[in-house]
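Everything on this sheet refers to the single structure shown next.
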Amino acid sequence: MSSFTCGLDHVAIAADNTEQMVVWYNRMLGLVVVARTNPTDPAQQVTYLIGPPASGDASRGVHAGMMMEIMPRNDHVRRPRDSHDAGISHVAWLVTDFDEAYAHLSAQGVGFVGSVVQAVGGGRLISFVDCEGNLMQIVERKF
């Protein structure tokens, strides 16, 4: 079977406040708005695509599988979940300098979950929650 997949386009988070979440991800991880819609239901909020700023290497820019869609949530109540419950557990952001990223997030008062651990395949990672309680990670890779 030939592979027709060339990368991950985006993951999506349904947010209480899409604008607030975009501001939070810009402050914490430096993510920028790639695209946006006009306000839509529910709650007449804007949907955003955000990602790292494009680099000089267009093949590694935001369209290379590093985007996140921030969309307005519906009226259903969010169910509490643990990291190993069925379904998507977390989003992991690859960082160029783990120690610098960790220090920045610490200085911003991010809510870390646990401590720095070894990443599968090598490197380090740490988990944290975003401004609405979604589980994220920063990770360095050694391969």
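The values are calculated or read from the model by the stated rules, or taken from the named source; none is laboratory data. These figures come from a predicted structure and were not determined experimentally. No Cβ is skipped: glycine too gets one built from the backbone with ideal geometry, and neighbour counts run over all protein chains shown.
Taken over the stretch 8-30, the residue count meeting the criterion of being farther than 13 Å from Asp130 by Cα and either part of a loop (DSSP other than H, G, I, E, B) or without any contact (Cβ under 8 Å) to a residue 60 or more places away in the chain (or both) is 6. Taken over the stretch 88-111, the criterion of being among the β-branched types (Val, Ile, Thr) and in contact (Cβ under 8 Å) with a residue 60 or more places away in the chain is satisfied by Ile88, Val91, Val110. Only one of the numbered conditions (1) in contact with a strand residue (DSSP E or B) (Cβ under 6 Å, 6 or more places away or on another chain); (2) at pLDDT 90 or above; (3) outside any strand (DSSP E or B); (4) not aliphatic (A, V, I, L, M) is not met by Glu69, and that is (3).
Scanning the stretch 1-20 for residues that are of a type outside the set (Gly, Ala, Ser) and closer than 14 Å to Met67 by Cα returns Leu8, Asp9, His10, Val11, Ile13.
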